[in-house]
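Chemist: My questions all concern the structure below.
The values are calculated or read from the model by the stated rules, or taken from the named source; none is laboratory data. These numbers come from a predicted model, not from an experiment. Cβ sites come from the backbone with ideal geometry, for glycine too, and all protein chains shown count toward neighbours. All accessible areas refer to the heavy atoms of the entire protein, side chains included, with ligands and DNA or RNA removed. Shrake-Rupley method; radii C 1.70, N 1.55, O 1.52, S 1.80 Å.
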Amino acid sequence: MGIKTDIKLYTHATPNGIKASILLEELGLEYEVYDINMKADEQKEPWFLEINPNGRIPAMTDKLPDGKQIRIFESGAILQYLVDRYDKDHKLSYPHGTEEYWETTSWLMWQMGGLGPMRGQANHFKRYAPEKIEYGINRYVNESRRLYRTMDTHLAKSPSGYLVGDRLTIADISCWPWVADAKWGGVDLAEFPSLKKWLYKLLERPGLDKGRNVPTKHTALEFESMSEEELDKKAEATRNWIQSGMKKDAGK
């Protein structure tokens, strides 16, 4: 049994979606999960927009000590909220204002502003665009490689094998899903030995392993053994849905 909370997580099996469930499991918190039906555009429905006005996952609700319900959206904000409120012993964080606190924050913002968006665009142009645009593919795949190299260089100098200090933090948790699906975005992790070692080191943690499989099985690591033809075939159904969604958004 975990620590009881009033948390309800609205999520889906995406790199951003599993960040919150990984942290919730690592913190040993009990929480309710609602798997948003992305292909039915459930994230665009009025009830969900009351929780996240941007119409994206993940999002979360919780109750403050005074009983007032609050909403938190954007994966980075959710991670910060969870450690601020529920990690008082700093098992996965550092005290506010310390050097390690700001280092953690720096890596979190680096992931939110760089690694995630660049990897997402690499995924789009590599797998989901209706036509192969080499400029777009090269632009975002190469930028993904640059960002991976930044992590690889940093981790090579880390005595603990973590991004910050001597423990797992939300810096690691925020980046992990965007490294696990590297091949989906056209990057071979063999190029980055310290990063690959970090990826599988974290996978040995029961909390991370359980959290990555919420709300459904995490399959990104299976891409490593698949051919490009198999990966493109796997992307077909999602490609059609993404193109349809882009047309809908453009018409609003």
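Chemist: What's the magnitude of the charge dipole for the stretch 54-115 around its Cα centre, counting Lys and Arg as +1 and Asp and Glu as -1 at the beta-carbon? Answer in Debye, nearest 20.
Modeler: 360
Chemist: Here's a follow-up. Out of the total accessible area of the stretch 8-87 (probe 1.4 Å, heavy atoms of protein only), what percent is carbon and sulfur?
Modeler: Its accessible area is 48 percent carbon and sulfur atoms.
Chemist: Antiparallel as a % of all DSSP beta bridges within the chain, to the nearest 5?
Modeler: Here the antiparallel bridges make up roughly 60 percent for the chain.
Chemist: In square angstrom, rounded to the nearest 10, how much accessible surface does Val214 have for a 1.4 Å probe?
Modeler: Accessible area of Val214: about 20 Å².
Chemist: Which whole-number percent gives the relative contact order of the stretch 96-252, counting Cα pairs below 8 Å spaced six or more residues apart?
Modeler: Reported relative contact order: 28 percent.
Chemist: Using the crude model of +1 on Lys and Arg Cβ and -1 on Asp and Glu Cβ, and no other charge, please compute the dipole size for the chain relative to its Cα centre, in debye to 20.
Modeler: Charge dipole, the chain, about its Cα centre: 360 debye, nearest 20.
Chemist: Answer with one residue from Leu221, Leu231, Leu27: the one whose Cα lies farthest towards the positive end of the charge dipole of the chain, charges on Cβ with Lys, Arg +1 and Asp, Glu -1.
Modeler: Leu231
Chemist: Please arrange Asp41, Asp181 by accessible surface area, largest first, computed with a 1.4 Å probe and ligands excluded.
Modeler: Ranked from most to least accessible, the order is Asp41, Asp181.
Chemist: Now for a separate question. So for the stretch 1-157, averaging the separation of alpha carbon pairs under 8 Å that are six or more residues apart and normalising by length, what relative contact order in percent results?
Modeler: 16
Chemist: Moving to a separate point now. Taking all protein chains together and a probe of 1.4 Å, list Lys248, Lys197, Lys44 from the most accessible to the least accessible.
Modeler: Greatest to least solvent exposure: Lys197, Lys248, Lys44.
Chemist: Continuing with this model, one more query. On average, how much accessible surface per residue is there in the stretch 8-87, in Å², for a 1.4 Å probe, leaving out ligands, DNA and RNA?
Modeler: 43
Chemist: Let me ask something else. So how much accessible area does Ser244 have, in Å² to the nearest 10, using a 1.4 Å probe?
Modeler: 50
Chemist: Something else: Relative contact order, percent, of the stretch 8-87 when contacts are C-alpha pairs under 8 Å separated by at least 6 residues?
Modeler: 32 percent.
Chemist: I'd like the Karplus ³J(HN,Hα) series for the stretch 180-189: coefficients 6.51, -1.76, 1.60, θ = phi - 60°, whole numbers in Hz, and an x wherever there's a Gly or Pro.
Modeler: Each residue of the stretch 180-189 in turn: 4, 9, 3, 5, 4, x, x, 10, 9, 5 Hz.
Chemist: Among DSSP beta bridges lying fully in the stretch 8-87, give the percent that are antiparallel, nearest 5.
Modeler: 65
Chemist: Would you calculate a helix-derived [θ] at 222 nm for the chain, using -39,500 (n - 2.57) for each DSSP H run of n ≥ 4 and dividing by the full residue count, to the nearest 500?
Modeler: Per the formula, -15000 deg cm²/dmol.
Chemist: Among rounded, prolate and oblate, which fits the stretch 8-87 when a ≥ b ≥ c are the square roots of the eigenvalues of its C-alpha gyration tensor, a/c under 1.5 means rounded, and a/b larger than b/c means prolate?
Modeler: Here the stretch 8-87 falls in the oblate category.
Chemist: At a probe size of 1.4 Å, how large is the accessible area of Glu134, to the nearest 10 Å²?
Modeler: 110
Chemist: Give the separation of the Cα centroids, the stretch 219-252 to the stretch 67-90, in Å.
Modeler: Result: 31 Å between the Cα centres.
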